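The structure appears below as structure tokens.
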Amino acid sequence: MVCIKKRFFSLNRLLLLAFGLWPDKETIYTRFQATLLCSLLISSIVFQLSRLFIVECNFDLIVRIVSSTTFFAMLTLFPLLAWINIKTIKYLLDQLQYIYDQLKDRNEIAIYDKYGYIGKHFTTIAIILLVCGLCSNSVIVYWPYILDIVVPKNEEVLQFISEYFNISDKYYFLVLVHLNAACSTGLIAVIGTGTMLFSYLKHICGMFEIASYRIEQAMAPELLHNFAIKDRIIICREMICAIDIQRQAMQYAKCFVTSIEGGAFVVIIIKVLCVSCNLYRIFQIESSMEKMDEVLLHLLAVSSVLTILFACNYVGQEITDHSNHVYVVTYNVAWYLAPLHIQKLILFLLQRSSKIFSLSVGGLFTASLECFATLVQASMSYFTFLYSMQ
């Protein structure tokens, strides 16, 4: 028996095991790990929001705090939702294994493996980018303190941290370490959980493609031209199997969306707010060349959020396209050559497949490229509104 956890999710296990977020047997130790992670991330948000009540506020400070807080809130919500729904995530992973075990045809297994490896390759690329980013960040932030050769006494970082959060110079290093640790661990947790959920959705695409393959095999010309009882039984069995895996794909997708619906709705709102505030902060800075470090941070935040938004909506669009492909395949086969009772079965399949299947969050956001464009447009609208208030 092939274990899909080892084949397709070994990298995700490597990232999530240290934080107690890997969907396995829950113990006191894993709860402690997850609690420690969430406490670190939440404390970074609390610290940033506390600046609004401790120091004298103005519009510029509020935008700075909100632009950074929304980014950290996004890093917090991903692992927090994964921890809350860890039993559901484990159930979904077990369902993928169950569906894989039911496959007997080599071509169907190859289709399932193809989408599993797409998810794994995506995870690999994300981890490589993450490692490069964390290494660069460590060199820039900590190297001067170790060798004191890049920026003696790290005066630029000192000035940036002190001005950005309006804190005393003697506390800036503690703040720097705290926020850097929260950001680094949050990014690791987001990559681990995000790529795992991305792989789940790619497996749904694989299920729909297997359904299309089974319909094509059931309605093969050599079977339709021979009306022997044995061939009719084969056609019926293949059509039932195709409908069954299509049903499993839809049920799996609905279970997936239901488990994260509430949290996903909040995450989408935070992402839009994060993009708007960070874009506003970039254009608000008068001398961009003198504050290049701050500009780069805001650009990285915007690009990270937009990348995550695009990946989520892209895979949602793929699920819709693969579901529609089942309808196209069913319509294009030579169904008119099949016996009457098979034609009635195909008619029911066409009626079901004619309804567009998509991943919808709260009935307001439907994962698609059109939704991505709408969210980007909304972010730009809020950014324009903030910029007009200067």
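The values are calculated or read from the model by the stated rules, or taken from the named source; none is laboratory data. What you are looking at is a predicted structure, and each value in this text was computed from that prediction instead of being measured. All Cβ positions, even for glycine, are placed from backbone atoms using ideal geometry, and neighbour counts span all protein chains on display. To get the accessible areas, we keep the full protein, side chains included, count just its heavy atoms, and leave off ligands, DNA and RNA. Shrake-Rupley method; radii C 1.70, N 1.55, O 1.52, S 1.80 Å.
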Q | Heavy atoms of LEU92 accessible to a 1.4 Å probe, total area in Å² rounded to 10 | A | 0 Å²
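Please tell me which of these pairs span more than 18 angstrom C-alpha to C-alpha: LYS90/LYS271; LYS5/LYS87; LYS202/LYS254; LYS87/LYS202; LYS5/LYS120?
Working: LYS90/LYS271 27 Å; LYS5/LYS87 16 Å; LYS202/LYS254 14 Å; LYS87/LYS202 20 Å; LYS5/LYS120 11 Å.
Over 18 Å Cα-Cα: LYS90/LYS271; LYS87/LYS202.
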Q: For the stretch 12-117, state what percent of all Cα-Cα pairs lands in each successive 5 Å bin, counting from 0 Å until the bin that includes the largest distance.
A: 2, 11, 15, 14, 12, 11, 10, 9, 6, 4, 3, 2, 1, 0
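Please compute the alpha carbon radius of gyration of the stretch 4-389, then divide it by the globular-protein estimate 2.2 N^0.38 Å. Two decimals is fine. All intermediate terms of the calculation are to be shown ahead of the outcome.
Numbers: Rg = 25.3 Å, N = 386, 2.2 N^0.38 = 21.2 Å.
My calculation over the Cα atoms of the stretch 4-389 gives 1.20.
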Q) So what is the relative contact order for the stretch 1-140, in percent, with contacts set as C-alpha pairs under 8 Å and at least six apart? A) 32 percent
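Contact order normalised by length for the chain, with contacts defined as Cα pairs under 8 Å and 6 or more residues apart; what percent is it? Before the final figure, lay out the partial values.
Values: 394 pairs, mean separation 78.8, N = 390.
Relative contact order, the chain: 20 percent.
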**Q.** Check: the chain dipole with +1 on Lys, Arg Cβ and -1 on Asp, Glu Cβ, in debye
**A.** 1360 debye
**Q.** At 0.692 mPa s and 37 °C, Stokes D of the stretch 293-337 from Kirkwood alpha-carbon radius, µm² per second
**A.** 244 µm²/s
Q: Roll a 1.4 Å probe over the protein heavy atoms and report the accessible area of LYS114 in Å², nearest 10.
A: 90 Å²
Q) So, in Å, what gap is there between the alpha-carbon centers of the stretch 32-78 and the stretch 315-390? A) 36 Å
